[in-house]
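The values are calculated or read from the model by the stated rules, or taken from the named source; none is laboratory data. Keep in mind the model is a prediction, meaning the values are calculated, not measured. Note that each Cβ is placed from the backbone with ideal geometry, even for glycine, and that neighbours are counted across all protein chains shown. With ligands, DNA and RNA removed, areas are computed over all heavy atoms of the protein, side chains included. Shrake-Rupley method; radii C 1.70, N 1.55, O 1.52, S 1.80 Å.
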Amino acid sequence: MEKNVSKSVECSLCQASYHPIYEPAEGEGAYQIHCSSCVKRIQIAKSDFVRVALKEVLGIKGEALALAVQTYLSNCPCGQPFSYDAGKRCPACIKKIKREIRTDDARPPDFYCIWNVKKLKDLEGRLFEYIINRMDSEELSMQQLIDSYEAGQIDPGAYMEGIENIQIRESKDIAIIKTWSITVGPEMAFRAAEEHALIDRYGTRILVSMASAMESAFGTNILTTLTREEQNLDGHHKKEIQTFIKKIAGGF
């Protein structure tokens, strides 16, 4: 079940009051946003990298986050914006409209990026500033945690808790880097990642994550992107990407 906003909205069609859905309820991984005009819908995952980036970089949550998500969504293929209040149409009226037009094709066709990358470029500077600040952070790294554990400086419980905290922290970092990368674009993002030592900090997995983001934003095949970028690498970074390419290409 999805979570509702605290304020009710009056349906413009039947005048009934309803609570728009703006984020997944506890235990749910996604929620749906309908077009403000037709019945098409998109699904917003709680873990969607752009949603995570908006939450962390803008420092918002709840309905404010829902409004930010709405702001940076692409328009529906019908040309109208998606809105978490479905254009002030209650769920019951949306269902009636679907029945009347007799269609189950309520989702946008392929290829379709739910995010308006051009509009997201407005956040490029803030995303990059956040990334650079994280690079300068003196927070405990995974290797430092391992070294502390092996030296007997922390007990197993603290070690496992530390691993979990670092994984959560780095998953947020990667979401923000992925969002930044699509605002920079495929021609420059990978060079910038190398220039600013993102590969050194996060390993070649950051290149894989960025290639995945490019696929979702521009439809560029992740294997094609990594094959191209592998030519610009050397040493163990090159070998790691070659291994990954072979794995996803069915080379093993």
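Figures for the structure shown
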{"quantity": "Restricting segment 223-243 to residues that are in contact (Cβ under 8 Å) with a residue 12 or more places away in the chain and polar (S, T, N, Q), the residue that is least open to solvent (accessible area, probe 1.4 Å)", "calculated": "225"}
{"quantity": "Which listed residue, of 154, 182, 174, is closer than 19 Å to residue 136 by Cα and among the hydrophobic types (A, V, I, L, M, F, W, C)", "calculated": "174"}
{"quantity": "Subset of segment 108-139 that is open to solvent by 80 Å² or more (accessible area, probe 1.4 Å) and farther than 21 Å from residue 68 by Cα - its residue that is modelled with the highest pLDDT", "calculated": "133"}
{"quantity": "Any hit, segment 204-222, residues being of a type in the set (Gly, Ala, Ser), open to solvent by 40 Å² or more (accessible area, probe 1.4 Å) and touching a residue at least 40 places away in the same chain (Cβ under 8 Å)", "calculated": "yes"}
{"quantity": "First in segment 56-70 and open to solvent by 20 Å² or more (accessible area, probe 1.4 Å), second anywhere and outside any helix (DSSP H, G or I), Cβ under 7 Å, 6 or more apart", "calculated": "63/5; 63/22; 70/82; 70/83; 70/84"}
{"quantity": "Residue within segment 165-178 that is more than 24 Å from residue 126 (Cβ to Cβ), out of contact with any Cys (no Cβ under 7 Å at 6 or more places or on another chain) and open to solvent by 40 Å² or more (accessible area, probe 1.4 Å) present", "calculated": "yes"}
